[in-house]
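> My questions will all concern the structure given below.
The values are calculated or read from the model by the stated rules, or taken from the named source; none is laboratory data. Since the model is a prediction, treat every value here as computed from it, not as a measurement. Every residue, glycine as well, gets a Cβ built from its backbone with ideal geometry; the counts of neighbours run over all protein chains shown.
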């Protein structure tokens, strides 16, 4: 032959084994330059998983190619993966611990900044004053705190020309912080124990209660013995001013009066049915119903509000305004949601008749509107004679009789005979034109002229 090893040459010994991941090739008498002499190591000792019998079968002087162990390679990869995973877990743990630590520091900082001896309870900062943050003295958590000097400047040092109304516990002032930011401020001076409780109660309830027909409390201020509550401004004052003020109700058309009644009922329904726990306003009257620019009604003055449910078990101290107090509350101190329904009935009579809840007949005598009106309300012939002259002959008589019937039910002496405020609301909505938020179509309305007058008042 030509001196080369071939596949059939007996000098070529090919040793193969089936154990996984190993093989051995042993050339016999291979010379340099031949095909199998690339990894030739004459003195190399074979490293192989072959059995000793296989190795012994090789001729003397034969060399073997070093065996590559894939098992060792897999072990190295596994170790690398384990190390990398451990490092990754460690890094994630450090990041998580850092995040927890930072969050705790932020919470501790927030609690520290929220602690103030003058703070009442949490009050959501109204978005309306977000644009005028320069007018706010500071914040305590989510509660807006106005500096007293800012309130003095906005009210011209609480001057008489800025007085909007006067209540039993203080005056209400108009406050102008800027061209676009105007608010109403109730200022309580010489605060006694009862006034202090009312102040705290007002802040507490108006922090929790948010509804389109409930006034928005923007913030508060405590300065020495003075307590100030800052509210959103309502352009048309109170219902009492509109009905019993100089205008004598001339701006309140029949559709607008129905709108006000529906808005008040919506606010009460929210308090009685949707608040958790339910609450009783306890101080509902025409002066505590504020009217916005479009005559939307908003309930205010929650200083006497209480949680509903347990009033019958423990008699509550008598508080409120004469003429609006339900008989069971006035005589026995029993207060329920039906007490608010009674007060609502009195307000409905004011809207119909235009008289105050209590009228002075003589120097020493007073007459209740409910007592005087009841005989007329149940007689359709007499009902037309006691209507407010500002709305007489401007409504559908069928609607008038329905409203009068609702008012009669609301002021029943027996609480169980009075309807729920939800039922009252469902009775009034069909009488309100759809353009004002009710379900009455214009074609079914009392007259196009009355609705046009209402729209002109809104403009």
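> State whether one or more residues within the stretch 430-442 are surrounded by 17 or more Cβ atoms within 10 Å (Cβ to Cβ), in contact with a helix residue (DSSP H, G or I) (Cβ under 6 Å, 6 or more places away or on another chain), at pLDDT below 95 and in a helix (DSSP H, G or I).
Within the stretch 430-442, one or more residues are surrounded by 17 or more Cβ atoms within 10 Å (Cβ to Cβ), in contact with a helix residue (DSSP H, G or I) (Cβ under 6 Å, 6 or more places away or on another chain), at pLDDT below 95 and in a helix (DSSP H, G or I).
> Which condition breaks for residue 332 when tested against (1) touching a helix residue (DSSP H, G or I) at 6+ places or on another chain (Cβ under 9 Å); (2) over 16 Å from residue 286 (Cβ atoms)?
All conditions pass for residue 332, except number (1).
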